[in-house]
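Note sheet for the following structure.
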Amino acid sequence: MTAVPLGLPRRLVEFTLDGETVRAPEGSTILDACRAEGKDVPTLCQGDTLTPKNACRVCVVEVEGARTLAPACSRRAEPGMSVRTDSERTRHSRKVVLELLASSVDMSTTPGVAGWIEEYGAEPGRFGPDAARVEEDPKVDNELYVRDYGKCILCYKCVDACGEQWQNTFAIAVAGRGFDARISTEHAAPLTDSACVYCGNCIEVCPTGALSFKSEFDMRAAGTWDESAQTETTTVCAYCGVGCNVTLHVQDNDIVKVTSPHDNPVTHGNLCIKGRFGFAHVQNRD
């Protein structure tokens, strides 16, 4: 059983959300309040274990009196404010954002995006076949994980997870400017020659599949990856005495990847190389 710290009680902030009066704990974001009220606001760069970066702009909402749309993932709920999450202006903004993203990168492995494109009537193909697009072959330079920048939306979550917010390894950063901006190792060196410690915490936060387990990459290429056939079992990593929770994703009686619960007070979804990738011995049948 996971022990969850209760923390100090917080005062409630009352405001209007889509015409209805709601209350949220002080310090909550508009997105927190929306989720508490069961409202579906799309997000890509938002991560429950990271500080919001406001990069994708797909979660924007309309705050009465504000000149510009506000990102729901970072804007705090304030007393007396009036927020509209599904106005014509917000729907148009999300439509354009989705069109720009889906026309420039491959979002076929981004959870939920196909439904959002349909919901907001986005037409990524309207820019034509000559629209600028990131076309890169996946970088497969190690046996643990794959970097496919043709799916990267530059949300910076991997950079934050690798850097000061979690791992403090700083193996990857943003290189280049404008449309040439890329997530890269120092001097674009192979991952094996970089400062990477292969914790895989960048994979944990990647929203599009630009970073993925080598096992998942290989299975998708072979056409055998089937999330509907996978089971998830959370247990305790046995490699050391820290007691990190690991969630084993199993398909056809084989572990295909390992994640960690984001609400675990010890790991917050993060693992080391042994917890993340050291599962091969479990299914060694020799």
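On a straight-distance basis, which lysines could pair with LYS214 in a cross-link, Cα separation under 16 angstrom, same-chain partners fewer than 8 positions away excluded?
LYS139, LYS151, LYS257, LYS274
Can you give the convex hull volume of the alpha carbon atoms of the range 1-76 per residue, in Å³?
Numbers: hull volume 9.2 nm³, N = 76.
So the per-residue Cα hull volume is 121 Å³.
Report the extension gain between ALA181 and ASN168 in nm, rounded to one decimal, defined as 0.36 nm multiplied by the number of residues separating them, less their alpha carbon distance. Walk me through the intermediate numbers first.
Numbers: separation 13, 0.36 × 13 = 4.68 nm, distance 2.20 nm.
My answer for the length gained is 2.5 nm.
Once amide H atoms are built 1.01 Å from N in the peptide plane, which residues 5 or more positions from LYS139, or in another chain, come under 5 Å H to H?
HN-HN under 5 Å from LYS139: ARG147, ASP148, TYR149.
How would you classify the range 1-146 from its alpha-carbon gyration tensor, with a ≥ b ≥ c the square roots of the eigenvalues: rounded for a/c under 1.5, else prolate if a/b is greater than b/c, otherwise oblate?
On the way: a/c = 2.76, a/b = 1.41, b/c = 1.95.
Taking the square roots of the gyration eigenvalues as a ≥ b ≥ c, the range 1-146 is oblate.
How much area per residue is accessible in the chain when the probe is 1.4 Å and only protein heavy atoms are counted (Å²)? Mind dumping the intermediate values first?
Numbers: 15500 Å² over 286 residues.
It amounts to 54 Å² per residue over the chain.
Please give the calculated 222 nm ellipticity per residue for the chain, where each DSSP H segment of at least 4 residues contributes -39500 (n - 2.57) and the sum is spread over every residue; nearest 500 deg cm²/dmol? Walk me through the intermediate numbers first.
Working: 7 runs with 56 residues, N = 286.
Value at 222 nm, helices only, nearest 500: -5000 deg cm²/dmol.
How large is the translational diffusion coefficient of the range 167-280 in µm² per second when you combine the Kirkwood radius over alpha carbon pairs with Stokes-Einstein at 10 °C and 1.306 mPa s?
On the way: Rh = 15.6 Å.
Using the Kirkwood radius from Cα pairs, D works out to 102 µm²/s.
Please give the length that would be gained between GLU88 and ASP252 if that part of the chain were fully extended, namely 0.36 nm times their separation in residues minus their C-alpha to C-alpha distance (nm, one decimal). Numbers along the way, then the final one.
Values: separation 164, 0.36 × 164 = 59.04 nm, distance 4.57 nm.
Between GLU88 and ASP252, full extension yields 54.5 nm more.
Counting only protein heavy atoms and a 1.4 Å probe, tell me what percentage of the chain's accessible area is made up of carbon and sulfur.
Working: 7710 of 15500 Å².
C and S atoms contribute 50 percent here.
What are the ³J(HN,Hα) couplings of the range 55-67, residue after residue, when phi is run through the Karplus curve with 6.51, -1.76, 1.60 and θ = phi - 60°? Round to Hz, x for glycine and proline.
Once rounded to whole Hz, the list reads 8, 8, 6, 7, 9, 4, 10, 9, 9, 4, x, 8, 5.
Order PHE217, PHE279, PHE127, PHE170, most accessible first, counting only protein heavy atoms with a 1.4 angstrom probe.
Numbers: PHE217 60, PHE279 30, PHE127 80, PHE170 125 Å².
Listed by decreasing accessible area, they come as PHE170, PHE127, PHE217, PHE279.
At q = 0.11, 0.15, 0.21 Å⁻¹, what is the log10 ratio I(q)/I(0) for the range 88-234, with the Debye formula run over Cα points and no solvent?
With no solvent term, the Cα-only Debye profile gives -0.48, -0.87, -1.39.
Return the loop-located GluC sites (Glu not before Pro) in the range 58-90 (DSSP other than H, G, I, E, B) with at most 15 other Cβ atoms within 10 Å of their own Cβ; answer none if there are none. Walk me through the numbers before you get to the answer.
Numbers: sites: GLU62, GLU64, GLU88; in loops: GLU64.
Qualifying residues, ordered by number: GLU64.
Can you give the extra length, in nm with one decimal, that the chain gains between ALA195 and HIS262 once fully stretched, where that is 0.36 nm per residue apart less the Cα-Cα distance?
Net length gain for the segment: 21.6 nm.
Spelling out what I want: for every residue of the range 86-102, take phi, set θ = phi - 60°, compute 6.51 cos²θ - 1.76 cosθ + 1.60 (Karplus), and round to whole Hz; glycine and proline get x.
Taking θ as phi minus 60°, the curve returns 9, 6, 4, 5, 5, 5, 5, 4, 5, 4, 5, 4, 5, 5, 5, 5, 6 Hz for the range 86-102.
Hey, any idea what the orientation-averaged projected area of the convex hull of the range 82-144's Cα atoms comes to, in nm²?
Working: hull surface 25.8 nm².
Hull-based average projected area comes out at 6.5 nm².
Quick check: convex hull over the Cα atoms of the chain, volume per residue in Å³, rounded to an integer? Show your work: numbers first, answer last.
Working: hull volume 46.8 nm³, N = 286.
Once divided by residue count, the hull of the chain is 164 Å³.
At 7 Å along the Cα-to-beta-carbon direction for both VAL236 and GLU119, put a label point, then send me their distance in nm to one decimal.
3.9 nm
Once all Cα-Cα distances of the range 123-168 are split into 10 Å bins that start at 0, what whole-number percent is in each one?
21, 36, 29, 13, 1
The values are calculated or read from the model by the stated rules, or taken from the named source; none is laboratory data. Computed from a predicted structure; not experimentally measured. All Cβ positions, even for glycine, are placed from backbone atoms using ideal geometry, and neighbour counts span all protein chains on display. Note: accessible area is taken over every heavy atom of the protein model, side chains too, but ligands, DNA and RNA are not part of it. Shrake-Rupley method; radii C 1.70, N 1.55, O 1.52, S 1.80 Å.
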